[in-house]
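These notes concern the structure reproduced below.
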Amino acid sequence: MVVLAASIISKSGKALVSRQYVDMSRIRIEGLLAAFPKLVGTGKQHTYLETESVRYVYQPIEGLYLLLITNKQSNILEDLDTLRLLSKLVPEYSSLDEDSICKTAFELIFAFDEAISLGNKENVTVQQVKQYCEMESHEEKAHKLMMQSKINETKDVMKKRASELDKIRMEKGKLDKGGYSSISGPRVIEKTFSDMNISGTGFGSGSGLSGIGADMDSFASKPKGRPSAAATAPGKGFGMKLGKSQKTNQFLESLKAEGEVILEDVQPSAVSSRSSPLIPSDPITVTIEEKLNVIVKRDGGVNNFDVQGTLALQVLNDADGFIQLQIENKDVPGLSFKTHPNIHKELFNSQQIVGAKDPNRPFPSGQNETPLVKWRIQGMNESNLPLSVNCWPSVSGNETYVNIEYEASEMFDLNNVVISIPLPALREAPTVKQIDGEWKYDPRNSVLEWSIILIDQSNRSGSMEFIVPPADPSTFFPISIGFAASNTFSDLKVTGIHPLKEGNPPKYSQRVRLVAANYQIV
């Protein structure tokens, strides 16, 4: 027996679902199906019809026909057996009306394929066909359950370790409040700029910095990475030292081996715990920072180019807070400023002087920085990009060759450049054929990191080539880029400090920095 096609048609001959099992043109099958209703007589009990070339084996199902088209040499008994199997399958997947048949067309075709293979009936039952189409696997379910149990077990272990670390920190805090407080000296009370209504010395009553926006983070944040030797060295002459247990170290080491970044919870001595490595030597520190938010298209053009800047002030002593800052900046198209509500806006707009509305109240003092001015630059184009990166993946045989090149602008010298390229899932690290700089492969996140310590006049351009197994070119995007520079687009800087009281102006230092907060090639 050879089944040419299995179809479901309406009484008028409209084909709803049809699956061909031999090479047959669309015009041919549509002609055969359209001719069938004309051949069916009324009041006949036969379930098959024959023409000169084919045989129709059919069964009415409510307002439709379930139809098999076979050659005339096929076994009619096997044809009827196949028809009965299909007639049992159709109600399992669909209601017996045109709309439902059309909605479940693919499910019906998959079921027909399980019942008929290359025109011949398979020895299967209705339940077996349903099971094959659902593709349920006991082994897969068991594997998923096993993986979920491992995940839950790991989470429980991490919670226990976290509680142990919390207990250690609490014990350390108790000891710091106890017998070691006299050694550590007086504590510095830190003031934030949001608490502006301090009686007598406040910057203003109840105004605060709540409206300045979340993007004004402090530049004087805690340093990331490995702590300095001064912070880790134990104090001499004191017999107590708090440390981690051996089990905790083993757990952290296992996380490091998997690629997690672990910040060590260093337990310094009582003396060194009170000393901060970020305390500036000058009584006044001005921090000027610009953050880049850039989205560049891989084929050229810029989706987004946004520069946001902040000027923040840190005053160590209250007596030095009675000052005004004289600033200057480069005239850049699209540059707009916003000042804190307690800053004298008219003075700033007319003379570029940053000063308080009330000259009798000083700027807040303490270890925290106070954001005073923020600005934004919009409307910049591709020619203003500090760093351009092009990626050229090409498949050759069983390998993909990826060539990446960068080109830096003459405007900036870039420090600590890291170009992160996503890779397909690999069993081993990619083969790097050529590189200007250094590279590192992160197997946990499947990312290749290209690092250049400094880009200046000597290396404004560079390239890298590596090889991976065959992969789609879109796999290598988006490319993320991180870097820093010591100058900014606005070139804003403080040129002087004017004291509001008698005496010499206090010494000050300023930090200028450009960072790539979000810099991607998509």
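Structure notes:
- Only one entry of Glu78, Glu62 meets the criterion of being in contact (Cβ under 8 Å) with a residue 24 or more places away in the chain, open to solvent by 50 Å² or more (accessible area, probe 1.4 Å), out of contact with any Leu (no Cβ under 8 Å at 6 or more places or on another chain) and among the acidic types (Asp, Glu), and that entry is Glu78.
- Consider the range 397-429 and keep the residues that are assigned to a strand (DSSP E or B) and without any contact (Cβ under 8 Å) to a residue 60 or more places away in the chain. The one that is nearest to Ser486 (Cα to Cα) is Ala408.
- Matching entry among Lys103, Lys88, Lys14, Lys38 (being more than 30 Å from Tyr132 (Cα to Cα) and surrounded by fewer than 21 Cβ atoms within 10 Å (Cβ to Cβ)): Lys38
- Flag for Glu50 being on the phi > 0 side of the Ramachandran plot and open to solvent by 10 Å² or more (accessible area, probe 1.4 Å): no
- Across the range 303-320, the number of residues qualifying as without any contact (Cβ under 8 Å) to a residue 60 or more places away in the chain and either within 16 Å of Thr287 (Cα to Cα) or assigned to a loop (DSSP other than H, G, I, E, B) (or both) comes to 4.
- Pairs with Cβ under 6 Å, 6+ apart, first in the range 108-121 and within 16 Å of Asn71 (Cα to Cα), second open to solvent by 10 Å² or more (accessible area, probe 1.4 Å): Gly119/Val2; Gly119/Tyr21
- Matching residues in the range 111-123 - criterion: being surrounded by fewer than 15 Cβ atoms within 10 Å (Cβ to Cβ) and either modelled with pLDDT of 85 or more or small (Gly, Ala, Ser) (or both): Ser117
- All of (1) in a strand (DSSP E or B); (2) surrounded by fewer than 18 Cβ atoms within 10 Å (Cβ to Cβ); (3) assigned by the TED database to the domain that holds Pro386 hold for Ala471 with one exception: (1).
- So Leu313, is it buried (at least 19 other Cβ atoms within 10 Å of the Cβ) and farther than 16 Å from His498 by Cβ: no
The values are calculated or read from the model by the stated rules, or taken from the named source; none is laboratory data. Keep in mind it's a predicted model, so treat the numbers as computed, not measured. In this analysis, Cβ positions are derived from the backbone assuming ideal geometry, glycine residues included, and neighbour counts consider all displayed protein chains. Ligands, DNA and RNA are stripped out before the accessible areas are found, and what is left, the full protein with its side chains, is counted by its heavy atoms. Shrake-Rupley method; radii C 1.70, N 1.55, O 1.52, S 1.80 Å.
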